[in-house]
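The values are calculated or read from the model by the stated rules, or taken from the named source; none is laboratory data. These figures come from a predicted structure and were not determined experimentally. With ideal geometry, Cβ positions are generated from the backbone for all residues, glycine too; neighbour counts draw on all protein chains shown.
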Amino acid sequence: MNAQEKRSAASKVFMTLGPLCAAALAFMAWRGRHYYLLPLAERPLSELHAALRPSGTLGLFYGIAGFTLIVLNLTYLVRSSQVRWEWMGSLRSWMSMHVFTGIIGPFLIVLHSAFLLRSPIAALAAVSLIIVVGSGVSGRYIYTRVPRSPQGRELELGELKKALKELQLALEAKGVELPQDMGAEAVSSRRNVVSALAAMVAADREEHRQYEHLRALVLSSPQLAPSAAGILPLARRYVTERSWLARYHELRELMRVWRFFHRWFSVVMLIFAVFHVVIATNVGPLGFSLP
């Protein structure tokens with residue numbers, strides 16, 4: 001199995017496990033809905049209390065599993081910035097794991113809490129977790145728009161220009177005449193984060209418009225239409241990478257700023273989570289304590 005196949009296999013595993021695990025946890029939440037909807041004072045009277053309370057058999061399992069997945073989730077930050085060993089897998093595979101654990105881990109923590117926050121530390125851990133998940137969602141949007149190699153490494157400007165030129169030559173070899181206004185050069189732009197995100201959304205719409213224009217040209221041409229199946233994927237890649245090139249500096253800067261804040265939010269979240277675990281295991285009703 002080559003590197004491309006391994007990368008695809010890893011991504012498929014997490015893309016399959018993600019919905020399955022989310023569906024299973026949603027089902028468990030639905031099964032316990034009668035308990036979760038009870039007022040706090042009435043919960044000890046429920047037959048489900050022994051299992052679904054935070055220190056119960058299922059509640060404690062949810063907490064341990066969720067905390068473990070969150071710790072695993074944060075290993076991606078180390079792998080992407082500190083560890084360069086290729087034998088550990090591609091960054092794309094690690095990103096797939098990062099997304100999977102970033103969704104399932106918080107879901108488990110919510111079930112562990114039984115939809116209630118009972119202490120200031122738990123509340124701080126929950127708020128920081130919400131911030132990390134929210135920033136992760138926005139970061140995933142940025143991540144998919146930063147030019148990368150098949151292994152997930154961010155492309156340098158020269159590499160992107162070379163790849164774009166190869167796509168242009170491949171399209172021209174198939175008889176596609178690219179519109180003159182589709183050439184692009186990387187330009188520097190000084191925007192704040194909100195303006196940069198708004199510009200990214202606008203650029204996505206423009207990218208879609210340009211691809212649809214190219215697609216219409218290909219499908220309306222008697223010479224090109226029979227080869228559309230081979231031309232259109234190249235045309236989509238060309239439009240996407242042309243858009244990357246035009247916003248190259250802005251995308252890299254936006255990714256750098258986001259990465260800085262996301263990592264620090266993650267560290268803060270982990271600190272609060274560890275405090276919560278230590279306090280719960282020492283003074284909480286878990287039936288044991290740390291030495």
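Listed values, structure above:
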{"read-out": "Hits in the range 143-165 - residues which are at pLDDT 85 or above, buried (at least 17 other Cβ atoms within 10 Å of the Cβ) and small (G, A, S)", "value": "A163"}
{"read-out": "Residue that is nearest to L178 (Cα to Cα) [pool: residues in the range 218-227 that are hydrophobic (A, V, I, L, M, F, W, C) and surrounded by 16 or more Cβ atoms within 10 Å (Cβ to Cβ)]", "value": "V218"}
{"read-out": "In the range 115-134, the residues that are touching a residue at least 24 places away in the same chain (Cβ under 8 Å) and over 20 Å from N73 (Cα atoms)", "value": "F115, L116, R118, S119, I121"}
{"read-out": "Residue list for the range 228-239, restricted to those being under 26 Å from the mean Cα position of the chain (by Cα), surrounded by 13 or more Cβ atoms within 10 Å (Cβ to Cβ) and free of Cβ contacts under 8 Å to residues at least 40 places away in the same chain", "value": "R236"}
{"read-out": "Any chance V193 is at pLDDT below 85 and under 26 Å from L270 (Cα atoms)", "value": "yes"}
{"read-out": "Residue check, A202 over 30 Å from T75 (Cβ atoms), surrounded by 12 or more Cβ atoms within 10 Å (Cβ to Cβ) and at pLDDT 85 or above", "value": "no"}
{"read-out": "Pair list, Cβ < 6 Å and 6+ apart or interchain, from the range 262-287 residues that are β-branched (V, I, T) to residues that are buried (at least 18 other Cβ atoms within 10 Å of the Cβ) and modelled with pLDDT of 85 or more", "value": "V268/S128"}
{"read-out": "Number of the condition not met by L111 [criteria: (1) without any contact (Cβ under 8 Å) to a residue 12 or more places away in the chain; (2) surrounded by 16 or more Cβ atoms within 10 Å (Cβ to Cβ)]", "value": "(1)"}
{"read-out": "Among residues of the range 257-270, those that are closer than 14 Å to Y141 by Cα and of a type in the set (K, R), counted", "value": "1"}
{"read-out": "Residue that is on the phi < 0 side of the Ramachandran plot and touching a His at 6+ places or on another chain (Cβ under 8 Å), where the choices are G102, G59", "value": "G59"}
{"read-out": "Pick from the range 67-95, criterion more than 17 Å from H262 (Cα to Cα) and of a type in the set (V, I, T), ranking: modelled with the highest pLDDT", "value": "T68"}
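A quick yes/no check of all residues on (1) at pLDDT 90 or above; (2) over 30 Å from V110 (Cβ atoms):
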site	(1), (2)
M182	no, yes
V218	yes, yes
Q223	yes, yes
I231	yes, yes
V278	no, no
